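A short worksheet on the structure shown next.
Throughout, read-outs are computed from the coordinates displayed, never taken from laboratory work. This structure is a prediction, so every number in the text was calculated from the model and none was measured. Every residue, glycine among them, receives a Cβ derived from its backbone with ideal geometry; neighbour counts consider all protein chains shown.
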There are 4 protein chains.
Amino acid sequence: MRKKKREIVMDFQAILEEIHKEIQDVLLDGKVADYIPKLAAVPLDKFGMAVQTLDGDLFTIGDAAENFSIQSISKAYTLILALQFIGEDRLWKRVGREPSGNPFNSLVQLEYEHGIPRNPFINAGALVIVDIILSNSKNPGQTLLDFVRQRSDNPGIGFDNEVAASEKKTGFRNSALANFLKSYGNLENDVDSVLEAYFLQCSLSMNCIDLAKSLMMLTNHGLSPWSGEQILTKSQAKRINSLMLTCGTYDAVGDFAYRVGLPGKSGIGGGIAAFIPGKLSVCVWSPGLNSNGNSLAGTLALELFTTKTGMSIF
Amino acid sequence: MRKKKREIVMDFQAILEEIHKEIQDVLLDGKVADYIPKLAAVPLDKFGMAVQTLDGDLFTIGDAAENFSIQSISKAYTLILALQFIGEDRLWKRVGREPSGNPFNSLVQLEYEHGIPRNPFINAGALVIVDIILSNSKNPGQTLLDFVRQRSDNPGIGFDNEVAASEKKTGFRNSALANFLKSYGNLENDVDSVLEAYFLQCSLSMNCIDLAKSLMMLTNHGLSPWSGEQILTKSQAKRINSLMLTCGTYDAVGDFAYRVGLPGKSGIGGGIAAFIPGKLSVCVWSPGLNSNGNSLAGTLALELFTTKTGMSIF
Amino acid sequence: MRKKKREIVMDFQAILEEIHKEIQDVLLDGKVADYIPKLAAVPLDKFGMAVQTLDGDLFTIGDAAENFSIQSISKAYTLILALQFIGEDRLWKRVGREPSGNPFNSLVQLEYEHGIPRNPFINAGALVIVDIILSNSKNPGQTLLDFVRQRSDNPGIGFDNEVAASEKKTGFRNSALANFLKSYGNLENDVDSVLEAYFLQCSLSMNCIDLAKSLMMLTNHGLSPWSGEQILTKSQAKRINSLMLTCGTYDAVGDFAYRVGLPGKSGIGGGIAAFIPGKLSVCVWSPGLNSNGNSLAGTLALELFTTKTGMSIF
Amino acid sequence: MRKKKREIVMDFQAILEEIHKEIQDVLLDGKVADYIPKLAAVPLDKFGMAVQTLDGDLFTIGDAAENFSIQSISKAYTLILALQFIGEDRLWKRVGREPSGNPFNSLVQLEYEHGIPRNPFINAGALVIVDIILSNSKNPGQTLLDFVRQRSDNPGIGFDNEVAASEKKTGFRNSALANFLKSYGNLENDVDSVLEAYFLQCSLSMNCIDLAKSLMMLTNHGLSPWSGEQILTKSQAKRINSLMLTCGTYDAVGDFAYRVGLPGKSGIGGGIAAFIPGKLSVCVWSPGLNSNGNSLAGTLALELFTTKTGMSIF
């Protein structure tokens, strides 16, 4: 009861406002991703944050309603979809669930481990996940759109075709990964279709509120808090959270777990979605990245959030 | 309040008894560590488990009071001691906090990363931690003994000199690691002293109850629940838990997080100490190991524990 | 003069006949390359050998006049062409000249060395060489054909389109390598054009006699012994020979140098072209491969040749 | 006959003098090895060169008679001794003969290849070779001394104990390698004895003339040109030369073969011994090293030697 009471009185709005002030010092220290023109053009001073509680409250600050390129955060959606399609047993035969200890788009470990990506959140693993969706859906792009629109209750969510086109144009390393996977027999579909679908998913354009809402099943043990649908089993939800904690933030998972202490998935567009199971989801966006490719101000904001709220899974 | 009530009525003893029955099927499937005669001689059918709650209750089953070689679990104690000696800022300059993606005694990553071990729980990292203690204590063995005896309220805890001697006799790879670290300038003390202290710490002989009690500060946000001493700051306790989750179970951290979902530290003697922050510590021992070097029945027991209690950090 | 005399009296024909007999024992022990239907269909008992001396004599045995897929031996021709196009200074900025210590189509070293292939004879290096030719020739296929036809005085030499098509169909790893090189900025032309030209060059269909004749400039210090043209400078010829010795036979260069002791270039079709500078070129073909991807009977035949003739560069 | 004549009239002394002049420009560009005080103290402007022909002529220039620390060149002697003790079949089971593609004291490949060093000239391989000698000689240091004194006809050759002591004091990486080898079961003797003998062999103090004379059996197909003894079989001599060419100059074998085109063995003391089988041995010393750890002026001197004499094995 003590705990419950503390949560009720916690003033999330005030906390977000404090955080908003405190991150200003580092807001311009990050570096915007520049391999794609449209990402490079995002102003460095953007910052948004949204907290969605299981009780149904939504708190926002700054540019929380502004769309950005969610990039790798989309790997959370496709993992959920692939689990729905083929289940855990078949999925974990084709992708591992261990942290990689190598950059997210490295080919080294893939070669040493004979084409089995270390986990679904490095690019090689995400390509296998896309391949699974492709084998089970006639239109994987539409399947993904339907899912995120429904889960975030925002029918306006779409892909950014300019970003998708740029990804394709510069995606030689992803193309190398896909061809490498194919050489090991770990892609069922043809390389070009897999890449097409992958570049599309990376181009999803969403905002902090959409993200916070759409992934509430991870906070709520697999259940949608609104529709009451069982999107994932309780155990699957727990497991995706554990995967995010050990593999969700590129090669900085240790540092992120150490500082923030929450399961989360980051994207090179500067977004991070994080979760306190049983309580809330908290999403942040700020385009300036640190040297690990995670949002610099965003990581600090989440660190401040767990410090100020005293909420952590540890 | 609902939550609090559920915890009160939870019958841990009954759960331990169920687990004890259910793990019998796999008890003989593991493989006892055989690189040291005394470890090789431990009967495969040993199994003990202890749960220590923050409320002060202790529940045990099987061989929970029987001593075994805690081996790498000792790395949790030495990390705490090193943090007390030199603090976080200095410590993290010499050891990383990222999962390694490589076997616990691998030299590969150490070479690629120029002598900075990935984290304090792989052997290379533990050697650096021991070096820190050596630089700050005249008798590191006694310092460690004093710490575990006091924290577990068991003055009878000691080293197993036969095991320590065997470790030394067969410890060529650890010797290679120590010399390699020295070649990179990441050991202050001489190689032999570091190895001596390291082999000694691995030989700590304790039981599940000792382990569960001695690490309660990790469950209790850094505070000893008995003496009330602040062993670690709240944030240090949280951070050690996050390190355990991302790095504590050799190269199976992903699998362990996925199945068990708790921060924990395992040892090749078959022990595992795990934590539910704010609630309890749970320690298990069974000498048969799985292919990753973690206790086979022990991992299953912890998985059953989180499933049956519904307790998980995720 | 003593030496000269010994060469004159050396009965190469008798030696080839002895070798032909002695390799029969192992002829069926090799394994035909089976990743392409047409290679897989070559009978295991094929064996041909041709010796072309600087004095102008040609000695042959077995299936020396039968065409086979020369595969990676073509990398010798393209290296010569690329040197003619852009010279040594520019070429060695884009490709190294060190042995790789890794399989010929490995991506590991390429990643560690940031897109600079170790040498022009591993696949990654050969792709860069093809890229150089593409940047300097409107029709690289025709340029290559013209070169080998003229150098071997056989206008009938052509590509095997079925083999080229199969290479393309199964060439995912080469496609991965090309995309990887492109991601590092080490391909000037588009990935598909480079791959197209590469698969074509691998499909060159030639026989032992063609090979022995066409590469005589390597035996003759860069000079064509027939036309008198200076194809390569003396120093370039010497250097290509040294490259062959240190990098020409996949990851068995040490074993090949140890047993045969001649510079040579092998192909997965079972051909090997080797050189005794100042004296002769000797080419062998037998489709059964050893575990390193070099012709099993072919390597033995060359070993016997150096033993029986007493000729070796060492 | 033309060739024979050219050799007779070749004025090696004049060539050495030309080389001596031409290398002056780069003499001070190298960097003296500085991990050992005595090596660090060698003046950068030292340069000596000696040519010993099979005809019995000796040509020298500069500091050819001045002793220096031959370091890794000693690996040639120990390989010959080990071959004499246990023969090729047994030796090549414990050490490979492939170039490594990694630094000479790397542990990476050793781990991937489970304790079998790539070749006898990287440090790990040399430690195995020393272990073989230790198993077959009561006093390996004396055995080595006897060998080099007899082969160079200089009873004054000795070890430099100060260098040996320094090697031991700073030899953590070699100690790591030895312990690592022991952990894989690839050392028969205890680690300390192997290291002791290894550090001793590295401290051999010899001059260019000694080196040139002592390894003439590699030029003369295994036969001592003076005593007529068969030190190695013809085939062993040929094979050691091929090993030197593919593995003798650290991770610059490709570059060395490319520029110099002779089998050779270098040492970090700045010495290089090279061979033109059937003709001569040529040894050079200059302490300034290039970035690969080979003598900078020494490599250039050998390159000039092959260019000016037109002698090359290719």
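Numerical summary
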| read-out | value |
| --- | --- |
| Inter-label distance for residue D:291 and residue C:65, nm, one decimal - labels placed 7 Å from Cα along Cα-to-Cβ | 5.3 |
| Relative contact order %, chain B, counting alpha carbon pairs below 8 Å whose residues are six or more apart | 26 |
| Average silhouette area of the protein assembly as shown, convex hull of alpha-carbon atoms, in square nanometres | 48.5 |
| Proximal aspartates and glutamates relative to residue A:38, as straight alpha-carbon distance under 13 Å, when same-chain residues fewer than 8 apart are discounted | A:160, A:162, A:167 |
| Cα long-axis angle, helix D:234-247 against chain D (0 to 90 degrees, to the nearest 10) | 80 |
| Sparse-neighbourhood loop sites, chymotrypsin sites (Phe, Trp or Tyr not before Pro) in the stretch A:195-254 - DSSP loop, at most 15 other Cβ within 10 angstrom | A:226 |
| Chain C: C-alpha pair distances exceeding 30 Å, % | 26 |
| Pairs of Cα atoms farther than 20 Å apart, the stretch B:73-204, % | 41 |
| Across the identical copies, how the residue D:161 labels are spaced - nm, sorted shortest first, 7 Å along Cα→Cβ | 3.7, 8.0, 8.5 |
| Exam field: residue A:234 pseudo-label spacings to other copies (7 Å along Cα-Cβ), nanometres | 2.9, 8.3, 8.5 |
| Cys with no candidate disulfide partner in chain A (beta-carbon separation under 4.7 Å rule) | A:202, A:247 |
| Ascending list, in nanometres, of distances separating the residue A:135 label from those of the other copies (7 Å, Cα toward Cβ) | 4.1, 4.9, 5.2 |
| Residue D:45 paired with residue C:150, simple spin-label distance in nm, labels 7 Å along Cα-to-beta-carbon | 5.3 |
| Degrees separating the helix B:140-152 axis from the principal Cα axis of chain B, which is the longest one | 10 |
| Distance-filtered residues of the stretch B:279-295 - backbone nitrogen under 17 Å, label point 7 angstrom along residue B:57 Cα→Cβ | B:279-283 |
| Förster radius 25 Å - calculated FRET efficiency between residue D:113 and residue B:35 (Cβ-Cβ, nearest 0.05) | 0.75 |
| Cα-based helix-to-principal-axis angle, B:74-94 vs chain B, degrees rounded to 10 | 50 |
| Number of partner chain Cβ atoms within 10 Å, mean per residue of B:91-100 | 4 |
| Rounded to whole Å, sorted largest first: equivalent-ellipsoid semi-axes of the stretch C:253-295, Cα gyration tensor | 18, 13, 6 |
| The stretch D:77-151 and the stretch D:157-207: distance between their alpha carbon centers, rounded to Å | 12 |
| Peptide-level mean, for C:181-192, of C-beta atoms on other protein chains within 10 Å | 2 |
| For the stretch C:201-314, projected area of the alpha-carbon convex hull averaged over all directions, nm² | 6.8 |
| Chain B Cβ-axis minimum, rotational copy A, residue and distance in Å | B:101, 1 |
| Phi to ³J(HN,Hα) by Karplus 6.51 cos²θ - 1.76 cosθ + 1.60 over the stretch B:185-192, Hz, x for Gly, Pro | x, 9, 10, 7, 8, 6, 3, 5 |
| The stretch A:1-132 pair-distance distribution - Cα-Cα, 5 Å bins, rounded % | 2, 8, 13, 13, 12, 13, 15, 13, 8, 2, 0 |
| Cβ-based net charge around residue D:275, under 12 Å, with every Lys or Arg adding one and every Asp or Glu removing one | +3 |
| All lysines inside 19 Å of residue B:182 as judged from Cα atoms, apart from same-chain residues fewer than 8 positions distant | B:93, B:168, D:168, D:169, D:182 |
| Protection proxy ranking of D:160-169, A:117-126 - average other beta-carbon atoms within 10 Å, highest first | A:117-126, D:160-169 |
